[in-house]
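The values are calculated or read from the model by the stated rules, or taken from the named source; none is laboratory data. These numbers were taken from a predicted model, which means no experiment stands behind them. Using ideal geometry, Cβ is built from the backbone for each residue, glycine included, and neighbour counts are taken over all protein chains shown. Just so you know, the surface numbers come from the protein's heavy atoms only, side chains and all, with ligands and any DNA or RNA stripped out. Shrake-Rupley method; radii C 1.70, N 1.55, O 1.52, S 1.80 Å.
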Amino acid sequence: MFASTTAESATYLDGLNDAQRAAATHGDGPLLVIAGAGSGKTRTLAARVAHLIDIGVSPDRILLLTFTRRAAAEMLRRAGATMDRSAPGRVWGGTFHSIANRLLRRHGEAVGLRPGFTVLDQGDAESLFSMVRAELGLGERGVRFPKPATIAAIYSRVVNAQTPLTPTLAERYPWCADHADDLKAVFKQYTATKRSQGVADYDDLLLYWRALLESTSGAVVQSRFDYVLVDEYQDTNRIQADILSQLCGPEGNLTVVGDDAQAIYSFRAAEVENILGFPEAYPEARVVTLEENYRSTPEILEATNAVIANVERGFRKRLRSNRATGAVPHLVTCVDPEAEAEYVCDVILERREHGIALRDQAVLFRTGHHSDTLEIELARRRIPFVKFGGLKFLEAAHVKDLLAMLRILDNPGDELAWHRVLQTIPGIGPATARKVLARLDEECAAGGADRVDVFLDIELPVVAESVLPVSELRSGLTVARSADGPGAQIEALLPFCETVFTRAYDDAGARLADLTALSAIAAGYSDRSRFVTELILDPPNSTSDLAGPPHLDDDYLVLSTIHSAKGGEWEAVFVIHAADGNIPSDMALSEPNGVDEERRIFYVALTRAKQYLEVTVPQRFYHRKFPGNPNHSYALPSRFLTGADEFFEVATAGVEHIADRPIATVADPVAPVLDALFD
């Protein structure tokens, strides 16, 4: 151990403001640090670790809990930068799950875990659910039953939120409510199988840690740590809050750092009430608020403060900037998503010419498909980008299904495409697909027609549940063959896709929205063969590849869902599709406290900007529910801009082109339920 210093002379306190210093040097007892966006919470928490070690606390008596291993490593690196580096290295630092695993390796027998238990990752858990589902015969009753991934999500939600199955299904998975009894059987057998095989999944780690604290070994675990520090406390769930309560007690040395205004993960069972109710749960808690923002200009903070001020419940704070004055944020009304994409690309390139690299600019959106039209424009202008969060729709199975249909129109001899298309039909598996193809080939050989012609006319060896989907596929192929251009051809196939996707996929709405986006891409091509060849012969790894591979001396624009952008910061930020129904997502408004969480999501997006902030609102969205029947709807700016718009410079884009702009198919502006849940 090294000699300690007084707090006044400690180098780890250099540069801290008064509030940060108060949090770092807090003595014993509970401490709640409300750390506003960009207020230096990482530096503050690292300084607190350094301070505890400096005043003589043994490093291995300190527990630092974060939500990523990298975050823990960064805090301990900073703590060690001003002292003996080996000391922070002995701190118990890591995620809740990694610390649980470490403790259970030592004390797991007290809760019935084998010493050599193995941990299932998400993929393993889904595979085990698949096995149990098959053993119980739940996919063989002629009725749609949730897929393993959905079953795993339901199970995890029930466990982490500590909410019984029936209300969880009613609130989060209503389409699965009729399967409650069968799901209970699945979960019971899943749990028994794990126990018999000596395995535990991620959720079990938290459950067993909590049980360990309640067991005969609980006192040993509680006595292991003198100080517990938690980052991103607003993102903890009910089990994690229980663990901390049992570990520290109501008057223990528990420090939690977080921002209720950035609590945006309720779909992962995070409980904002954990941070809002901390002063009541820990009556002796000291509350320190960090309001000095080191990231954004005063003009940006004026706008963000106005947005979050109307949250129904939260700790009141007003961020202030230590930066010089800068540009006023822009609120830009665009005619439609195409005009929005053009405007955003224009400004991105203008910023680049003025010295802001692409990697220092980010485009943020509520859900993955909101960037589809922008991605097309970025590809056209050869602007390289990377995309974080959301569905990479050109990689997805349902998009490959649709492209296979276009492939058989383009080349009826494409055997692989036929197999894929046929197996999208309920009741047709690999064996039946082979029989159908054999029958098609027999008729082709006899009559000289191609497979598509034969498929449209003959009776097929299929079961009763396949008859209607086969009829719809035939109708779609018939219309598509004569439709003008690949965009219209895709639209002709959408009714069939809607029928089979509802049975094949748990998130059919989101997947159909992706196909609408694909039809928008296809509308830029006059020839189906070229469209199919460019996307299939050289398939992209992700939607960002549409812009082409960047040169070695290029950098990348960042596209990201707001959830994936949390924790990031950029010189220039564009928040697109900020129309009511998108932000807030109308699919999230039925959730408990949904409006407040959607407001916090918008706030998180705005507070990522350091120097420039652009918020864009398309006025008109186009839809094609049926081939040849175009329609559109108009949207208003996000309700969260009401009262805050006075802090924006208001502008318009694309108005002069509204009379001449052709109706085009673009992404559905309504965020699908599962996009909102799993972004």
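Where does the chain land at 222 nm, in deg cm²/dmol rounded to the nearest 500, when only DSSP H runs of n ≥ 4 count, each adding -39500 (n - 2.57), divided by all residues?
It lands at -13500 deg cm²/dmol.
Using a 1.4 Å probe on the protein chains only, how many percent of the accessible area of the chain belongs to carbon and sulfur?
Using a 1.4 Å probe with all protein chains present, the chain comes out at 49 percent carbon and sulfur.
Once phi is turned into θ = phi - 60°, what whole-Hz ³J(HN,Hα) does the Karplus curve with 6.51, -1.76 and 1.60 give for every residue of the stretch 586-597, x standing for Gly and Pro?
Going residue by residue, I get 5, 6, 9, 6, 7, 6, x, 6, x, 5, 4, 5 Hz, with x marking Gly and Pro.
Roughly speaking, what is the stretch gain from A445 to A170, that is 0.36 nm per residue apart minus the C-alpha to C-alpha distance, in nm to one decimal?
Between A445 and A170, full extension yields 93.6 nm more.
At R0 = 45 Å, how high is the FRET efficiency between A134 and L276 if r is their beta carbon distance? Nearest 0.05 is fine.
Given R0 = 45 Å and the Cβ-Cβ separation, E is 0.55.
Please turn the phi angles of the stretch 358-366 into ³J(HN,Hα) values with the Karplus equation 6.51 cos²θ - 1.76 cosθ + 1.60 (θ = phi - 60°), one per residue in order, whole Hz, x for glycine and proline.
Calculated HN-Hα couplings, in order: 4, 5, 9, 10, 9, 10, 10, 8, 5 Hz.
³J(HN,Hα) across the stretch 180-187 via Karplus (A = 6.51, B = -1.76, C = 1.60, θ = phi - 60°), whole Hz, x for Gly/Pro?
Computed from phi, the couplings for the stretch 180-187 are 4, 5, 5, 5, 4, 5, 4, 5 Hz.
Separation between the T502 and D484 pseudo-spin-labels, each 7 Å from Cα along Cα→Cβ, expressed in nm?
3.2
Just report the Cα centroid separation between the stretch 130-201 and the stretch 254-312, whole Å.
34
Can you work out the FRET efficiency for the pair D226 and L437, with r the C-beta to C-beta distance and R0 = 56 Å, to the nearest 0.05? Walk me through the numbers on the way to the answer.
Numbers: r = 70 Å, r/R0 = 1.25.
Result of the calculation: an efficiency of 0.20.
Just to be sure I understand the model, the point goes 7 Å from the Cα along the line to the Cβ. What's the resulting E353 to R144 distance in nm?
Simple spin-label model gives 5.1 nm for this pair.
Along the Cα→Cβ direction, 7 angstrom out, place labels at R102 and N310. What is the inter-label distance in nm?
Output for this residue pair reads 4.5 nm.
Could you compute the FRET efficiency for S127 and V595, with r as their C-beta to C-beta distance and R0 at 35 Å, rounded to 0.05?
Approximately 0.35, to the nearest 0.05.
Tally the DSSP beta bridges in the chain and give the antiparallel ones as a percent, rounded to 5.
Taking every DSSP beta bridge with both residues in the chain, the antiparallel ones total about 10 percent.
List the residues of the stretch 140-182 whose backbone N lies under 12 Å from a point placed 7 Å from the Cα of E465 along the Cα-to-Cβ direction.
Backbone N within reach: 140-146.
So how strong a dipole does the chain carry about its Cα centre when Lys and Arg Cβ are +1 and Asp and Glu Cβ are -1, to the nearest 20 debye?
I would put it at about 1800 debye.
Within the chain, how many Lys pairs sit with Cα atoms under 22 Å apart, leaving out pairs fewer than 8 places apart on the same chain?
Going through the chain pair by pair, I get 18.
Any chance you could run the full-extension gain for D346 through A192? It's 0.36 nm times the residue separation minus the Cα-Cα distance, nm to one decimal.
On the way: separation 154, 0.36 × 154 = 55.44 nm, distance 5.84 nm.
Gain on stretching D346 to A192: 49.6 nm.
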